[in-house]
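*Asks:* Before we start, here is the structure in question, set down as structure tokens.
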Amino acid sequence: MINSFRSIAKDKKNYTELSRLVSERHTSSDAEKYHNDMVNKLEYEHYILDDTKHKVEKVSDSLIGVDSTISKISHDFSQYYMSIKTADSSKIGIQQSLSTIEKVVQMNGMLISKNKELEINKEETTVEQESAEAEKIVETAEQKETAESTKEVATQEDSEQKQTAKKKDSKSEESEPEEKENGRYKVIAKLEPNLWTYGSPVLFEKGTLERDQVSNINRLSLTFTNIYEEKEIRDLYITIYADDGEGNVEQINHSYLAMGQEYLASKGKAAKITIKNENAVKFIIKIDRVVFVDGSVWTKKDAVLESAGEMEDVEVFAQAKTKDYEDNYVSGMEEVQKDDSASIGNGIEILKRIAWYKNSKELIKTAHKKYDIAVKNEERKQASENRRANRQKDVKKKYMTALVAVGVIIAIVAIVTVAFFIPNKKYKNAEKLLKNQKYTQAVTEFKDLGGFRKSKGFLAEAYYNIGLQALNENDEDKASDYFKKSNDADKSSEYGKQAGAFLDYYAATDALDKKDYDKAQQLFTSSAQAASDFNLINKASAGMAQVSYIKADYSTAWQTIKNVYAKDNKTFQAQYAEYGYAYAKQLIDKGSIKEGMEVYSKVEKLSKSANLSESVYNQAVKLGEAGKIQESLNLLNQIKGNYAKAKTLYDSMNSFHKKVSLWLGTWKHRGTVNGEKTTYYITFSEVLYKGEPCIKIKDMNNKSLGYNVEISSKNHITQIEVGKYMIHFKLKNNHNQKLTYTLLEGKKMLRELKYEGVTYKTKYKKK
């Protein structure tokens, strides 16, 4: 960089040439053309300054002076460039520009003397770069003069106009890409509008990716606005991830320094970020940190930007977010001022979301200490209460023990003398009735015993058996009634639990009829798990499978019905076939062909549904359209014996595959353009396009003639010949362009392009 400054002092060829034009009275258009060329060079070389700055920052601490110098020049570039765009060039005049250039050269000579002792040994600058930087400084002088001429007009605006201009600064940029589109710069992509992440003091209103058609370099410009009213932004650090959609992601670390960005002011549009991956189509931006003028820093973990949508007024958005932060701040502060640990903990979590806002960090730190004290106090209080409760419990226990002892003595006497011998005789008689399957009479006896000995369990057993008898007689209403009585008699007994399993099953079928599928699934599951009756287990499990099938959970339905079918293949054959077919089709439609066909083979003979050849065929077509020709052929081969469409497509694709196999792959050519060696690539692949096997050629060597197209009669092709050793075609949208590819000996290929009556020939080799 120092060498560039020295070259400016020694070589005044830029303004000398301009002086010659004026002195020889060339036309104003010649001088203006030269002047415009210098402006264009400023735009192209501007990114070099940013790159050099980052390199200088990595040098030792002795180079701090250079950093400040570069920052000043960078600021001047941005200011002068915008000024020269808006100024009326007719007012400046060629002679005035020459005078300004001489002043700037003198100024830079002084700058060279000041920094003469600084040497950057690690960085090498070519002669071309030095010349470019010299031209850039000259352009700066012109811009500075322009800025001074427009400054008088700007000072006449009142404060209200300035504020309006600040708000609309970002909108003014929208016209810039259109202006560049018509010149040297072409807009190739625009980012989603209003990129933001929660809490960020910066809103990225727009992003534009443009192509410098002179240098063939892609550059990204981002326009961002300070939406945090409380503070002025000094520095902004971001990381950009440029993705070409093919697994190649370029990471760019970029910073905007010494901005002094006030509230609602827009910045960034003059900074151009070089994107080396020219195929990048997707951009992810993450804010690393924002440094305010007061030295405070805003950071957030994984601060990835997302679009906040269209907005008419940025200030309205900024005020809404500020209110949100303030509401959270007030809420969190109120919580941490409370005395209980739960409230304090909640307040800490609220403040963590806005840790950068006002004095939230200090409040969090203080709250943590208060939280620890509150927890300890609560633990001590709880321990004290537990001790008091235990003492009361001990006293009560001793008292109750004494009472129980007295009561037991009295009860024993009463039972022995009054209540045992008579009920016991009746109990034995009821047992005898139950054993002899006289369930109705047994019910009467056990009910009268009032829970004597095991009478509740025996009562539940008697009711349960009456229910089974009714079920065998196909009287489900009566069966359900007695199962309920059994369950009510003793839920904990074995027969009470079995009765409950039947009740759950009936309730599940009712819920299924009402389409309450979640409740039905829960009840079927409960019934199947509790039941010991073989038939009930199968019916409840089949109900579970049915619910899963209705909810399109074919995997669960199939796994469940398989187990049921293994126990009873007659009753549940229809469900087994239906659920198996649905699951097999789902697998095939998702691309799991092998697994799907295995399931289908188990139900094929039982299912009344159509075979799955059509589903397999559709998957084969998808694979072919994706360029996976061999996988597509393998699937078609499986079903071509019993599916005519599959055989027709298989024969067509297989024949074409053998015909063009020598073409497939990438071909390259090393050539020289404008004295620079360049490698060109052509890729041939095989695809299925609208049911027709064809070659896809990607040839992007020339911006105007390049293409990425399927060579198919169903695409934009007027002529086509695809053979084993020659491919010839003509594109509809380029009717004056004909291409022929010819295979030569070995792995070589000749490309012939006929364009505007001229034939261009290029040889390629297989990569």
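Taken together, the values in this text are just the output of simple stated rules run on the coordinates, not laboratory data. Worth saying up front: this structure is predicted, and the values here are computed from it rather than measured. Because the Cβ atoms are built from the backbone with ideal geometry, glycine has one as well, and the counts that use them run over all protein chains shown.
*Asks:* Looking only at region 522-557, which residues have a backbone nitrogen under 19 Å from a spot 7 Å from the Cα of Lys590 in the C-beta direction?
*Replies:* 545-557
*Asks:* Counting other C-beta atoms within 10 Å, which of Ile348, Ile233 has the fewest, and how do the rest follow?
*Replies:* Ile348, Ile233
*Asks:* Using a cut-off of 9 Å between beta-carbons, work out the net charge of the residues near Gly596 (Lys and Arg +1, Asp and Glu -1, Gly596 not included).
*Replies:* Neighbour charge sum, excluding Gly596 itself: 0.
*Asks:* Something else: Would you kindly state how much longer the chain becomes between His368 and Ala320 on full extension, computed as 0.36 nm times their sequence separation minus their alpha carbon distance, in nm to one decimal?
*Replies:* 14.3 nm
*Asks:* Run through region 473-521 and list the GluC sites (Glu not before Pro) located in a DSSP loop whose Cβ has at most 13 other Cβ atoms within 10 Å.
*Replies:* Glu473
*Asks:* Considering only DSSP states other than H, G, I, E and B, which GluC sites (Glu not before Pro) in region 687-767 qualify as loop sites with at most 11 other Cβ atoms within 10 Å?
*Replies:* Qualifying residues, ordered by number: Glu745, Glu756.
*Asks:* Starting from 0.36 nm per residue, how many nanometres of slack lie between Glu232 and Ser652 once their C-alpha separation is accounted for?
*Replies:* 144.3 nm
*Asks:* Now a separate question. What does the convex hull of the Cα atoms come to per residue for region 661-766, in Å³?
*Replies:* Hull volume over Cα atoms, normalised by residue count, gives 100 Å³.
*Asks:* Counting alpha carbon pairs within less than 8 Å and at least 6 residues apart, what relative contact order, in whole percent, applies to region 250-406?
*Replies:* Across region 250-406, relative contact order equals 12 percent.
*Asks:* Once you keep just the Cα pairs under 8 angstrom separated by 6 or more residues, what percentage relative contact order results for region 561-689?
*Replies:* For region 561-689, the relative contact order is 17 percent.
*Asks:* Could you let me know the centre-to-centre spacing of region 698-751 and region 436-512, using Cα atoms, in angstrom?
*Replies:* Value for the Cα centre distance between the two parts: 84 Å.
*Asks:* Could you list, in their original order, any pairs among Lys190/Lys766; Lys485/Lys514; Lys206/Lys668; Lys186/Lys301; Lys668/Lys730 whose Cα atoms are separated by more than 29 Å?
*Replies:* Lys190/Lys766; Lys206/Lys668; Lys186/Lys301
*Asks:* Given points 7 Å out from each Cα along the Cα-Cβ axis, report the Thr239 to His716 separation in nanometres with one decimal.
*Replies:* 4.0
*Asks:* Can you give me the C-alpha center-to-center distance between region 248-301 and region 532-598, rounded to a whole angstrom?
*Replies:* 56
*Asks:* Go through region 622-721 and name the trypsin sites (Lys or Arg not before Pro) that are in a DSSP coil and have 14 or fewer other Cβ atoms within 10 Å of their Cβ.
*Replies:* Qualifying residues, ordered by number: Lys690, Lys703, Lys714.
*Asks:* Ok, one more. Ile717: net charge of surrounding residues, Cβ under 10 Å, Lys/Arg +1, Asp/Glu -1, itself excluded?
*Replies:* +2
*Asks:* Kindly state, to the nearest 0.05, the FRET efficiency for Asp518 paired with Asp327, given R0 = 35 Å and r defined as their beta-carbon distance.
*Replies:* 0.40
*Asks:* Determine the dipole magnitude for region 326-405: charges of +1 sit on the beta-carbon of Lys and Arg, -1 on that of Asp and Glu, nothing else is charged, the reference point is the Cα centre, and the result goes in debye to the nearest 20.
*Replies:* Around 700 debye, computed over region 326-405.
*Asks:* Oh, and also: Just to confirm a number: summing +1 for Lys and Arg and -1 for Asp and Glu over residues other than Ser685 whose beta-carbon lies under 10 angstrom from that of Ser685, what do you get?
*Replies:* 0
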